[in-house]
1. Can residue 267 be described as over 25 Å from residue 96 (Cα atoms) and either touching a strand residue (DSSP E or B) at 6+ places or on another chain (Cβ under 7 Å) or not assigned by TED's automatic domain parsing to the domain that holds residue 58 (or both)?
2. Does region 136-150 contain any residue that is surrounded by fewer than 21 Cβ atoms within 10 Å (Cβ to Cβ) and under 18 Å from residue 42 (Cβ atoms)?
3. Exactly one condition in (1) over 19 Å from the mean Cα position of the chain (by Cα); (2) part of a loop (DSSP other than H, G, I, E, B) is not met by residue 229; state its number.
4. Only one of these is under 26 Å from residue 330 (Cα atoms), modelled with pLDDT of 95 or more and more than 21 Å from the chain's Cα centre (by Cα): 176, 168. Name it.
5. What's the number of the only condition in (1) surrounded by fewer than 18 Cβ atoms within 10 Å (Cβ to Cβ); (2) in the same structural domain as residue 87 (by TED's automatic domain parsing); (3) assigned to a helix (DSSP H, G or I) that residue 284 fails to meet?
6. Limited to region 122-135, what total is found for residues that are crowded, with 24+ Cβ neighbours inside 10 Å and assigned to a loop (DSSP other than H, G, I, E, B)?
7. For region 241-259, what are the residues that are crowded, with 20+ Cβ neighbours inside 10 Å and either more than 21 Å from residue 170 (Cα to Cα) or free of Cβ contacts under 8 Å to residues at least 60 places away in the same chain (or both)?
8. With respect to residue 258, is the statement that it is under 17 Å from the mean Cα position of the chain (by Cα) and assigned by TED's automatic domain parsing to the domain that holds residue 170 true?
C-alpha cells in the first residue's frame with residue numbers, strides 16, 4: 001500500500017513538473033500583449049503599464065509583456081477584440097473598465113461578445129469614483145447640486161465619466177448638465193483647467209491623485225461626493241459624503257448598490273474564453289505575485305497608485321454573482337443609465 005501511495009505521489013509530482021515545464025516552454029521567448037480599453041495617459045493605461053513592467057518576471061518562461069491601447073465605447077471595443085479576435089493561447093490579456101465587464105447588466109445595446117464568458121485573472125485595485133468641481137464653481141456642496149446646475153465634462157458611452165453622472169441625474173435628480181465629446185479623464189481635466197466645464201463625476205480617485213494631486217492639495221478643486229458603497233479613506237476622513245446617502249427610497253438605494261458594485265474590481269484583467277486551464281492558473285498566479293512584488297509596490301508608490309488586488313477566482317465568483325442579480329434591479333439599473341436632462 002505504501003509503495004502504491006508513494007508511486008501515486010511521485011506520479012502527481014512528475015505530472016506537475018511536466019505541466020510547469022510545458023508552460024515555461026510556451027512562454028519562453030514569447031510576447032504577451034495587454035490590450036487596454038482606454039487612451040494613453042489615463043488611469044487604466046497607467047495601471048496596465050505598471051503591471052506590464054513587472055508581470056513577465058512572474059510568468060514561467062519570463063515573456064516580454066507589452067501594452068497596446070484600444071480606446072472606444074467605454075472599453076467595449078477592447079473587450080470585444082480580446083473576446084473574439086485575440087489569440088486564445090494565454091498570450092493576450094485584456095484590461096478594461098469594470099463597466100464593460102457588466103455591460104449586458106447595465107445597457108440595452110447588443111454586444112458581439114459575452115463578457116460573462118471572459119476568464120478573470122484578477123484586479124489591481126478597487127476603484128472609488130467621485131464628483132469634483134473647480135473651487136470657483138457656484139456649487140459648493142453636493143446638496144446644492146440638487147438646486148443649482150453644474151456643468152460636467154463627460155467621455156464616451158459606457159465610461160464611468162459619462163455613466164456615473166447620468167445615474168445621479170436619473171436616480172437622485174441632481175442637476176448636472178453634461179458636456180460630451182472628451183476622449184477620457186485627461187481631456188476632461190484639461191477642459192476643467194480651461195474652465196470649459198466646471199467639473200466631472202465618475203472620476204477615479206487613484207487617477208485623480210496620480211494626474212492632478214496638486215489640484216487637491218492646493219484647493220483648486222472641491223471634492224463634492226463619492227460615488228461608491230464605502231468611500232476612500234482620504235475622502236472619508238475629510239467628510240466627503242457618499243452619493244448613496246442621498247437616496248430617498250429603497251429602490252434608489254438598490255439601483256445605486258447594483259451600479260456601484262463594479263467599483264469592487266475597478267481595474268480588472270481578463271483572458272478570452274478557451275485559454276487552456278493550466279495557463280489560466282499560471283497567469284492568475286503570476287498576476288497575484290506581481291501585485292504583491294516589492295518592486296511593483298515601490299513603483300506604484302512613486303507614481304501615487306493604490307494597489308488593492310482581488311484574485312482571479314474571487315473576481316470570477318463576484319462577476320457570476322452580479323450576473324445572477326434579480327431581474328427587476330437589473331432593469332431599473334439599465335433605465336438609470338439612459339440620459340434624461342434634469343428638470344428645469
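1. In short, no.
2. No, region 136-150 has no match at all.
3. (1)
4. Numbers: 168 fails: more than 21 Å from the chain's Cα centre (by Cα).
One residue alone meets the criteria, 176.
5. (1)
6. Final tally of qualifying residues: 3.
7. Across region 241-259, the qualifying residues are 242, 244.
8. Yes; evaluated as a whole, the condition is true for this residue.
The values are calculated or read from the model by the stated rules, or taken from the named source; none is laboratory data. Quick caveat, the model's predicted, so the values are computed rather than measured. Virtual Cβ from ideal backbone geometry, glycine too; neighbours counted across all protein chains shown.
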